[in-house]
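Structure, as structure tokens:
Values quoted throughout were computed directly from the atomic coordinates according to the rules given, and no laboratory measurement underlies them. Just so it is clear, the model here is predicted, and its values are computed rather than measured. For neighbour counting, all protein chains shown are included, and Cβ atoms are generated from backbone atoms with ideal geometry for every residue, glycine included.
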Amino acid sequence: MEKQPRIITDDLDALLQVLPADIRLVLKKNDQRDDLLEVIMDLGRVPTARYTAKELVLRETEVTRAEINSVVARSGEFDADNRAGIARTLHRIAAIRNRQGEIVGLTCRIGRAVYGTIEIIEDLITSGQSVLLLGRPAVGKTTMLREAARVLAESKRVVIVDTSNEIAGDGDIPHPAIGRARRMQVATPSLQHEVMIEAVENHNPEVIIIDEIGRELEALAARTIAERGVQLIATAHGNTLENLLLNPTLSDLVGGIESVTLSDDEARRRGTQKTVLERRAPPTFDILIELQDRQQLLIHENVAESADAQLRGRQPRTEVRYRDATGEIKSGQGSQSKRAALNKDGPESLATVFVQKQEREIQDISIYPYSVARNRLRQAAEDLQVPVRIVDTISEAEVLLTTKKHYRQRPQVITEAEEHQIPTYVLRANTRAQIESFLVALFRLGDEDEAAFARAMREAELAIRRVSESWGAIDLAPQNSYIRRYQHQMAETAELKSASYGHEPYRHVRIINEG
């Protein structure tokens with residue numbers, strides 16, 4: 001794919017005008033305008049600005065109530081989800097209220113129109129297939145939706161269901177960044193699903209654009225729209241396909257999950273237990289795109305196949321696309337990020353660290369645990385008899401270990417690790433079982449290889465989620481005693497019962513919810 005020019009418009013001066021004069025002056029003097037994400041003003045605290053790679057204190061004096069009231073007065077009207085905007089711009093101002101309903105904090109998010117941002121996936125957007133975008137906050141999902149609307153509207157009838165006025169901006173006249181697309185506003189977030197159906201019934205669209213599908217009614221409305229032959233381009237809560245499969249509210253977007261009892265012959269043919277988890281229906285979306293960062297994404301071009309692979313413990317077939325340092329768009333097959341891998345399935349980058357250690361005949365691996373219990377890490381390493389050296393700074397580390405909660409907050413240590421290409425491993429929770437799973441993947445322990453271990457953990461996790469929804473039991477695939485111990489721990493953490501049945505080598509764990 002060849003490099004295409006990108007044009008960025010942000011109307012930043014319009015947002016600066018509603019801020020206090022001294023804050024406005026500091027922001028104007030800073031030469032990182034294009035990297036500014038949001039300005040934070042909390043009552044009784046110093047104001048700060050968040051950039052893509054840092055956070056900047058804007059002054060040493062605290063924010064006053066008068067300053068917050070002044071910003072509120074200069075902004076648009078705050079709606080039911082405590083968001084306001086500035087007319088004819090893409091900026092968003094979100095409020096934090098006290099128990100009496102008074103505004104005591106403001107998050108002023110910079111909205112940008114980036115013309116050319118979907119060059120990297122334009123072939124998918126214009127294919128006529130429905131596309132779902134996933135990614136953490138501030139990674140560029142809404143920006144990409146906005147540009148998709150503009151590009152598609154050049155040749156198709158496009159309607160945007162704009163729940164919080166983030167796609168087309170505040171006010172009754174939509175921002176020019178959406179081109180010829182039409183915009184339908186939503187009175188309150190709880191009515192989004194009704195407006196989605198209304199758009200189809202009243203305005204004859206060929207494409208519907210939706211930001212943030214987060215409720216079950218919205219997922220059902222999306223399926224209704226897709227079944228009527230309308231192309232959907234949307235975002236949803238979650239970072240990966242696995243997130244959606246584990247989310248009972250939104251799993252229908254990728255086909256849903258149900259427990260199925262196989263015949264003896266079919267179970268024998270598959271080499272599994274009789275009760276398995278399978279996809280319930282065709283996915284609402286044909287293509288799923290995980291935005292790993294602003295310059296890189298992971299594509300599932302066949303959501304049905306990827307969902308089936310995940311449920312059966314196999315690695316889905318995916319494509320990685322990214323922009324290199326020169327802005328050229330590159331692509332390749334594979335499921336791992338070009339930078340440090342972030343899932344628990346034995347990431348490639350961590351395995352590379354282990355291999356490099358073996359080649360240099362060095363016996364330990366330096367790990368920097370960020371918001372991870374050091375005593376648990378130390379004890380887990382001793383129990384598994386692996387050579388780990390726990391260090392105090394990121395500069396000494398060969399691997400950064402943190403939790404999903406802290407990774408999402410994007411602290412400075414995460415940025416430093418990415419800048420120095422230090423592999424980052426993200427735990428779902430700060431538990432002993434998760435830490436041991438990390439060490440098993442890193443050091444390739446046990447009779448099972450890391451992929452088999454990951455499949456067993458994923459199977460247990462999916463079964464726990466399914467059993468938690470109603471009483472009953474699900475049998476997992478036979479595993480050795482080492483892996484069964486982890487599966488029992490996962491059930492215990494979820495406050496469910498579990499038991500082992502059968503004789504080796506067919507002994508397996510049963511996850512039980514007695515209601």
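Points worth noting:
- Sequence-separation-based contact order of the chain, relative, with Cα cut under 8 Å and 6+ spacing, percent: 10
- Most to least packed among 287-293, 136-142, 123-129 [average Cβ atoms within 10 Å]: 287-293, 136-142, 123-129
- Site pair Ala281 and Glu206 shows an inter-label distance of 2.7 nm when each label is modelled 7 Å from Cα along Cα→Cβ.
- Distance (nanometres) between label positions extended 7 Å along Cα→Cβ at Asn69 and Thr326: 5.8
- Note, ³J(HN,Hα) from phi for segment 156-167, Karplus 6.51, -1.76, 1.60, rounded to Hz, x at Gly and Pro: 9, 7, 10, 10, 9, 8, 9, 5, 10, 6, 7, 6
- Coupling constants for segment 286-293 follow from the phi torsions by the Karplus curve (6.51 cos²θ - 1.76 cosθ + 1.60, θ = phi - 60°), and in residue order they are 7, 10, 10, 10, 9, 7, 7, 7 Hz; glycine and proline get x.
- A simple spin-label model places pseudo-atoms 7 Å from Cα toward Cβ; at Ala14 and Arg99 they are separated by 3.9 nm.
- Only Lys, Arg, Asp and Glu carry charge here, each on its Cβ (+1 for the first two, -1 for the last two); on that basis the chain has a dipole of about 440 debye about its Cα centre.
- Of the residues Gly255, His237, Ile209, the one whose Cα sits farthest towards the positive end of the charge dipole of segment 186-267 is Ile209 (charges of +1 on Lys and Arg Cβ, -1 on Asp and Glu Cβ, taken about the Cα centre).
- Potential lengthening between Lys274 and Arg507 on full extension [0.36 nm per residue; Cα-Cα distance subtracted]: 82.5 nm
- Sites Ala267 and Leu384 - FRET efficiency at Förster radius 25 Å, r taken between beta-carbons, to 0.05: 0.15
- Cut-off under 5 Å, modelled amide H: who pairs with Val104 long-range: Ile96, Arg97, Asn98
- Karplus 3J(HN,Hα) series, Hz, for segment 201-216 with 6.51 cos²θ - 1.76 cosθ + 1.60 (x for Gly, Pro): 6, 9, 10, 6, x, 9, 9, 10, 10, 9, 9, 6, 7, x, 10, 4
- Extended-chain gain in nm, criterion 0.36 nm per residue less alpha-carbon gap, Ser395 and His420: 8.1 nm
- Annotation: peptides 380-389, 40-49, ranked by per-residue average of other Cβ atoms within 10 Å with the highest first, follow the order 40-49, 380-389.
- Pairwise centroid distance, computed over Cα atoms, of segment 11-30 with segment 95-115, Å: 16
- Cβ-defined net charge surrounding Glu62, 14 Å radius [Lys, Arg +1; Asp, Glu -1]: -1
- Charging the Cβ of each Asp and Glu at -1 and of each Lys and Arg at +1, and nothing else, the dipole of segment 450-513 about its Cα centre rounds to 80 debye.
- Sorted on the mean count of surrounding Cβ atoms within 10 Å across their residues, most packed first, peptides 71-80, 323-332 read 71-80, 323-332.
- In the chain, Rg over Rh equals 0.98, where Rg is the alpha-carbon radius of gyration and Rh the Kirkwood radius from pairwise Cα distances.
- Amide proton proximity set for Arg157, modelled H, under 5 Å, gap of 5+: Glu206, Val207
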